[in-house]
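Derivation of every value follows stated rules applied to the coordinates shown; laboratory data play no part. Note that the structure is a prediction, hence the values are computed from the model and not measured. All Cβ positions, even for glycine, are placed from backbone atoms using ideal geometry, and neighbour counts span all protein chains on display.
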Amino acid sequence: MEMASGDSTNQTHLGKRPAISTNYSNSSFLCSVVAIDHTNLSYRVCSQCEKSLPQTNNSSFCKYCNFNNKDNTSFTASKRLFKVLVSIATDTKVFVVVMFDRAAKVLFGCSADEFFDFEKTHPFAAVTAGNVLEGEMLKVSLSNPKNGNAQHLRVASVAPLRSGFQPVIETLRQLYRVRDSS
């Protein structure tokens, strides 16, 4: 799947990443979901300090806060947070934004850990989630990235506009005929 990035004004300067268009930062507007990048919807963080952990290392030790799960088994060493690249369309432009955990939970209706676990038993859940969200009308607020190397504006808040909207996880449970585990 190719993500749309229809901003022809973004130009690469001396090998640096494209400049982020700030026309939409710190504003709310209506848009529709064109697509999501379903290949990597979440990332691992330390369950104590929420710093990113390597995706390939299943270590129970966090190098940032020195949390070690071997000493305290009442906590899990890591958890997953959402990081979803979403291609959205306004009335004048199509561009890619990043939706982190708080905003993504509104659309997904569950934690990233819960969705990851659901994906393990339903391998096409991420692709289907993209299909479910495609065309969904949203009111979003965007903000500038916190990281200077970031390529995309961040979704600060999101509100589905369709009166019959139900979170992705609910739709997937219905499609796969799975009961709510909670």
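Between S52 and F124, the distance separating the two model label sites (each 7 Å from Cα on the Cα→Cβ line) works out to 3.2 nm. So the label point goes 7 Å from the Cα of D91 along Cα→C-beta, right? Which residues of segment 149-163 then have their backbone N under 16 Å from it? Backbone N within reach: none found. Measuring between alpha carbons in the structure, the pairs from K63/K146; K63/K105; K51/K139; K51/K79 lying more than 20 angstrom apart are K63/K146; K63/K105; K51/K139. The label-point distance for N26 and N149, in a model that sets each label 7 Å from Cα toward Cβ, rounds to 2.6 nm. Globularity index of segment 97-182 is 1.16 (Cα radius of gyration / 2.2 N^0.38 Å, N = number of residues).
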